[in-house]
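S.K.: Sharing a structure below in structure tokens format, with a few things to ask.
Taken together, the values in this text are just the output of simple stated rules run on the coordinates, not laboratory data. All values derive from a computational prediction rather than experimental measurement. FYI the Cβ positions are ideal-geometry reconstructions off the backbone, even for glycines, and counts take in every protein chain you see.
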Amino acid sequence: DAGVIQSPRHEVTEMGQEVTLRCKPISGHDYLFWYRQTMMRGLELLIYFNNNVPIDDSGMPEDRFSAKMPNASFSTLKIQPSEPRDSAVYFCASSLVGTTEQYFGPGTRLTVT
Amino acid sequence: DQQVKQNSPSLSVQEGRISILNCDYTNSMFDYFLWYKKYPAEGPTFLISISSIKDKNEDGRFTVFLNKSAKHLSLHIVPSQPGDSAVYFCAARDGSNYQLIWGAGTKLIIKP
């Protein structure tokens, strides 16, 4: 199994630009999670999906952030417009219904200048 | 309001000795506790978990202990190996919504 795949691994962009992060969960997993990790706030949940449906987006910091899951094998997290304070590592994770473990991708390191 | 706390930012242990990582929590609704290991430039990797109805779970060199009355859990690694050097995260599952709440992590350094 390929594990959770995220792209790009690194993204550097200028303030005001749109950023799109991509995730392919493990095949067969029902849940998909987007996390953000910063030095100040640690690992925080932004949004999660069950069977492609967003269940809880209360962690999404602002309306500038949006996430979609058009099918079971693909999700995007979009930031528009981006700001320097969005600089962080963004992780995608997936899990199987009935289990507790979440499997993480390698993360996308986003730098907004 | 930190519901899951890892009070030691870092820990240094001699190779071959026991490493003990600690985690405290406040929410009685947590029904599962998990430990993850994270290397630089990689995502967290699941290590071991324990249900709130148990007090110990063992997997090879890794043992997790849960003390519900103290709302405390610990991860023991015996013997510690150089490859164990990583950041260890404690996470707790909220039984009401199944979300994981994460601690801030402890950086474990194994000295040769």
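S.K.: State, to one decimal in nm, how far the label point of A:Val12 lies from the label point of B:Gln3, with both points 7 Å from Cα in the Cβ direction.
M.R.: 3.9 nm
S.K.: Please state the relative contact order of chain A as a whole percent: Cα pairs under 8 Å, 6+ residues apart?
M.R.: After rounding, I find 37 percent.
S.K.: Separate question: Along the principal axes of its C-alpha atoms, what lengths does chain A span, in descending order and rounded to whole Å?
M.R.: Computed over chain A, the largest-to-smallest principal extents equal 40, 27, 26 Å.
S.K.: Can you pull a Stokes-Einstein diffusion coefficient for the protein assembly as shown at 25 °C (0.890 mPa s), Rh from Kirkwood over Cα pairs, as a whole number of µm²/s?
M.R.: Rounded to a whole number, D works out at 135 µm²/s.
S.K.: Among B:Lys38, B:Lys68, rank each residue by its count of other Cβ atoms within 10 Å, from fewest to most, as a rough exposure measure.
M.R.: B:Lys68, B:Lys38
S.K.: Over the alpha carbons of the range B:56-112, what is the largest minus smallest coordinate on each principal axis, giving the biggest first in Å?
M.R.: If we take the Cα atoms of the range B:56-112, the spans are 43, 22, 19 Å.
S.K.: Total Lys pairs in the range B:17-112 closer than 12 Å by alpha-carbon, pairs eight or more apart in sequence or interchain only?
M.R.: 4
S.K.: Something else about it: On average, how many beta carbons from a partner chain sit within 10 Å of the beta carbon of a residue in A:94-101?
M.R.: The mean count of partner-chain Cβ atoms within 10 Å per residue comes to 4.
S.K.: Here is a further query. Given points 7 Å out from each Cα along the Cα-Cβ axis, report the B:Glu15 to B:Asp55 separation in nanometres with one decimal.
M.R.: My value for the distance between the label points is 3.6 nm.
S.K.: What is the percent of Cα-Cα separations in chain B that go past 24 Å?
M.R.: Percentage above 24 Å: 19.
S.K.: Around B:Trp35, what is the net charge, scoring Lys/Arg as +1 and Asp/Glu as -1 over all other residues with Cβ under 15 Å from its Cβ?
M.R.: Local net charge: +3.
S.K.: On to the next question. Using r as the Cβ-Cβ distance of A:Thr99 and A:Met39, and R0 as 25 Å, what FRET efficiency do you calculate, to the nearest 0.05?
M.R.: 0.25
S.K.: Exposed loop trypsin sites (Lys or Arg not before Pro) only (DSSP loop, at most 15 other Cβ atoms within 10 Å): please give the longest stretch of chain A free of them, not including the sites.
M.R.: In chain A, the maximal stretch lacking such sites is A:65-113.
S.K.: Here's something else I'd like to know. Please list, by residue number, every one of the GluC sites (Glu not before Pro) in the range A:1-67 that is coil in DSSP and has at most 15 other beta-carbon atoms within 10 Å.
M.R.: Answer by residue number: A:Glu14, A:Glu18, A:Glu62.
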